[in-house]
Amino acid sequence: MQNPLLQATALPLFNQIKTEHIEPALDKVLTENRQQLKVLLAQKPPFTWENLIQPLEEMSEKLGNMWSPVSHLHSVVSSDDLRKAYNACLPKLTEYSTEIGQNEALYQAIASLVENGEYQKLELAQRKIIDNELRDFRLAGVALSADKKKRYQQLQQRLAELSTKFEEHLLDATDAWQKPISDKKQLQGLPERALAAAQEAAKRHDKTGWLLTLDFPSYDAVIRYADNRELRQEIYTAYTTRASDQGPLAGQYDNSTIMDEIITLRHELAELLGFDNFAKYSLATKMAKTPQQVTDFLYDLAQRARPAAIADYQALCQMAKDEFGATEVQAWDIAYYSEKLRKLLYDIAEEEIREYFPLNKVLAGLFSLVGQLYGISITRTENTDVWHPEVQFFSLHNAQNELIGQFYLDLYARPQKRGGAWMDDCRGRYRNIKGKLQIPVAYLTCNFSAPTQNKPALLTHDEVITLFHEFGHGLHHLLTKIDYPGVAGINGVPWDAVEFPSQFMENWCWHKESLDLMAAHYKTNQPMPAELLERMQEAKNFQAGMQMIRQLEFSLFDFRLHLEFNPQQGAHIQQILNEVRKQIGVVPVPGFNRFQHSFGHIFGGGYAAGYYSYKWAEVLACDAFGKFLENGILDPKTGQAFLHNILEQGGSRDPMDLFKAFMGREPKIDALLRDYGLVE
């Protein structure tokens, strides 16, 4: 039987993929690509787009299509066998990409397109691919001496191993902690929904009573609602010490040495390529040009947000004292008393709002909204091969009813699935040399509470925002009109601009016209009452100062960690985090808290020295949404302008040029500050 990872199918054959297929499939693709590269470089010049770049793009696409389902399965249905196969492949992938990136003959061949006049004849998107390629050759060490090239490859291989190990430790630590509860009184304050989920978790593990875990829906329910303070402290301690040297599983899946080595090797890699530090290396591919620009931006925001954050925290402590006689507010009390304060100030509770957001209604509303804005229709497609029975599959059609994209939707938390929410590329838009179009396909993954026997899946408003955020990434990937994979969809977009379309989508979660499409009571189907929406909008900036400071803490910690590393002194990860908290933090954090040990964005994902991107892109998102506030948030004309100027363009042009094409000017920070209630 043919290896399912090598079959030329439009979509991956998930049900046929076995772990023993993975390494042979990768070996075959890498061997074929290496052979083809030899043939390409043996041609007589002049090199052209058709005889060099297009075949290179096809090689890259072939490898991506084979590896994408493997990488995805590793994140959503992890197992020992799958990890083994995945980890066996990482060195081969790193070796191959380094080999390509350091191939001087290939670099010269691509550079010759600029010199022989071919470049000037090409479309903007094609030129952008060549520009990016030449930049990436330099960043891969094409000009290094042989021994330094070898060291570069060793560094990349080791960093890939370490990042994977970091994520595996985090997943194992999350799955390893459980707390069975036999006395329901211990769970007082938890909503019925959370109790039902805990009961079903117990049944799944052949236990009686209730079972608490560190999956986010379970953790969040306890930390936010449990009246039992000792229980809150226990789960907070377990959650914030995952994969560390502290807490109930201290040292068992400890990421400490992994993190130190990652930071040390990143610095060495940057120096090898002629950069002072990894932060400068990271900015070589971003909108922001200098570390000073990034730190000034973050500290400026912190200065503006900190007074509001202090006021937020003081109000919380005062309420806890006045209403509950709490003489001290610890970290495990913050979410609990915040929920009480929100109820007191705005007569609003997450659980009340949740009843108006049944998942199916939210999805229908989301699809209707993007239909009105961008002229597309989204329909569920049955009988598609998926990796878990809960996964759904959807197709996008344009106004002419042409199929333009597809996506998988995997929404519920479960064991062996990485936490958090993300969008990833399954297939990119691509037109091959014969003119045949491959449409883009995306993975959209979240970790919401699953439906229970008595209730459908109901989302908190924060979860609705998360869904819209990831869907914004999805639209960026799926609605591209660029036919060249290197700059189609999310590809080739600078990292600090890639969050722009996702954060932009979040704005529709706050307005009556869009909420009317997706909010209806799960029992009665009655729309959300106007007065509840008013209370929600009033509460929109509840603790906005504290939220802003929290994100800025993460961003500054990440950036300073990579900017200030000194090989003589070591990584000092905890010290830098403590310094940032002392500088701008407002909420006290216990000494045992090891947030950094689960900060997958920078140690397991691609956000190293780039976590600031969320705030950077949020400026673009808030500012651009202002145009919809002026013209009507469901205005199709403005929607089409955003579609044509931003979403369809992918990474084919500089994001600042695209923003100016849509807005007619450069971005301003005012809209972000207004959105957070930090200015009038």
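The values are calculated or read from the model by the stated rules, or taken from the named source; none is laboratory data. Predicted model, so just to flag it, every value in this text is computed and none were measured. Note that we place each Cβ from the backbone using ideal geometry, even for glycine, and neighbour counts take in every protein chain shown.
A few notes on this one:
Residues checked against (1) over 26 Å from Pro440 (Cα atoms); (2) crowded, with 20+ Cβ neighbours inside 10 Å; (3) without any contact (Cβ under 8 Å) to a residue 60 or more places away in the chain:
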site: Ala42; (1), (2), (3): yes, no, yes
site: Leu63; (1), (2), (3): no, no, yes
site: Tyr96; (1), (2), (3): no, no, no
site: Asp131; (1), (2), (3): no, no, yes
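- Selection within segment 414-437 - buried (at least 17 other Cβ atoms within 10 Å of the Cβ), out of contact with any Ser or Thr (no Cβ under 7 Å at 6 or more places or on another chain) and either of a type in the set (A, V, I, L, M) or closer than 22 Å to Ala8 by Cβ (or both): Met423, Asp424, Arg427, Gly428, Tyr430
- On the stretch given as segment 291-313, residues that are touching a helix residue (DSSP H, G or I) at 6+ places or on another chain (Cβ under 7 Å) and either surrounded by fewer than 17 Cβ atoms within 10 Å (Cβ to Cβ) or in the same structural domain as Pro655 (by TED's automatic domain parsing) (or both) total 1.
- Near pairs, Cβ below 9 angstrom, 6+ apart or cross-chain, from segment 452-466 (among the small types (Gly, Ala, Ser) and modelled with pLDDT of 95 or more) to any residue that is surrounded by fewer than 18 Cβ atoms within 10 Å (Cβ to Cβ) and assigned to a loop (DSSP other than H, G, I, E, B): Ala457/Ala450
- Residue match in segment 146-161 (condition: touching a Phe, Trp or Tyr at 6+ places or on another chain (Cβ under 9 Å), touching a residue at least 24 places away in the same chain (Cβ under 8 Å) and not charged (D, E, K, R)): no
- When every residue of segment 633-641 is checked against the conditions, at least one turns out to be modelled with pLDDT of 95 or more, small (Gly, Ala, Ser) and not assigned by TED's automatic domain parsing to the domain that holds Thr290.
- When Leu316 is tested against (1) of a type in the set (A, V, I, L, M, F, W, C); (2) buried (at least 20 other Cβ atoms within 10 Å of the Cβ); (3) closer than 30 Å to Ala173 by Cα, only condition (3) is not met.
- Pairs linking a residue in segment 236-263 that is farther than 22 Å from Gly606 by Cα and without any contact (Cβ under 8 Å) to a residue 40 or more places away in the chain to a residue that is surrounded by fewer than 23 Cβ atoms within 10 Å (Cβ to Cβ) and acidic (Asp, Glu), with Cβ atoms under 9 Å and 6 or more positions apart or on different chains, are Gly251/Asp245.
- Residue in segment 542-551 that is outside the structural domain of Gln233 (by TED's automatic domain parsing) and under 28 Å from Leu162 (Cα atoms) present: yes
- On the stretch given as segment 468-490, residues that are surrounded by fewer than 24 Cβ atoms within 10 Å (Cβ to Cβ) and either over 22 Å from Cys622 (Cα atoms) or outside the structural domain of Leu363 (by TED's automatic domain parsing) (or both) total 2.
- The one condition from (1) in contact (Cβ under 8 Å) with a residue 24 or more places away in the chain; (2) of a type in the set (S, T, N, Q); (3) closer than 27 Å to Asp296 by Cα that Gln575 does not meet is (1).
- Checked against the criterion of being within 22 Å of Leu369 (Cα to Cα), in contact (Cβ under 8 Å) with a residue 60 or more places away in the chain, crowded, with 17+ Cβ neighbours inside 10 Å and touching a helix residue (DSSP H, G or I) at 6+ places or on another chain (Cβ under 9 Å), segment 648-658 contains one or more residues that satisfy it.
- For the residues Leu409, Leu363, Leu345, the requirement of being part of a helix (DSSP H, G or I) and under 21 Å from the mean Cα position of the chain (by Cα) singles out Leu363.
- Verdict on Ala308 being closer than 19 Å to Ile223 by Cα and either small (Gly, Ala, Ser) or in contact with a strand residue (DSSP E or B) (Cβ under 8 Å, 6 or more places away or on another chain) (or both): no
- Subset tally (residues that are in contact (Cβ under 8 Å) with a residue 40 or more places away in the chain, buried (at least 18 other Cβ atoms within 10 Å of the Cβ) and either polar (S, T, N, Q) or assigned to a loop (DSSP other than H, G, I, E, B) (or both)) for segment 1-17: 3
- Pick from segment 172-222, criterion acidic (Asp, Glu) and in a loop (DSSP other than H, G, I, E, B), ranking: surrounded by the fewest Cβ atoms within 10 Å (Cβ to Cβ): Asp206
For every residue, the table says whether it meets (1) among the polar types (S, T, N, Q); (2) in a helix (DSSP H, G or I); (3) farther than 25 Å from Trp387 by Cα.
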| site | (1), (2), (3) |
| --- | --- |
| Ala442 | no, no, no |
| Gln453 | yes, no, no |
| His473 | no, yes, no |
| Pro501 | no, yes, yes |
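- Selection from segment 188-221 of residues that are touching a strand residue (DSSP E or B) at 6+ places or on another chain (Cβ under 6 Å) and either of a type in the set (A, V, I, L, M, F, W, C) or within 17 Å of Arg242 (Cβ to Cβ) (or both): Ala198, Ala201, Ala202, Trp210, Leu211, Leu212, Thr213, Phe216, Ser218
- Residue satisfying condition, being under 26 Å from Phe559 (Cα atoms) and charged (D, E, K, R), within set Glu680, Glu648, Glu579: Glu579
- Matching option when the condition is closer than 19 Å to Ala221 by Cα, out of contact with any helix residue (DSSP H, G or I) (no Cβ under 7 Å at 6 or more places or on another chain) and of a type in the set (Asp, Glu), among Glu339, Glu351: Glu351
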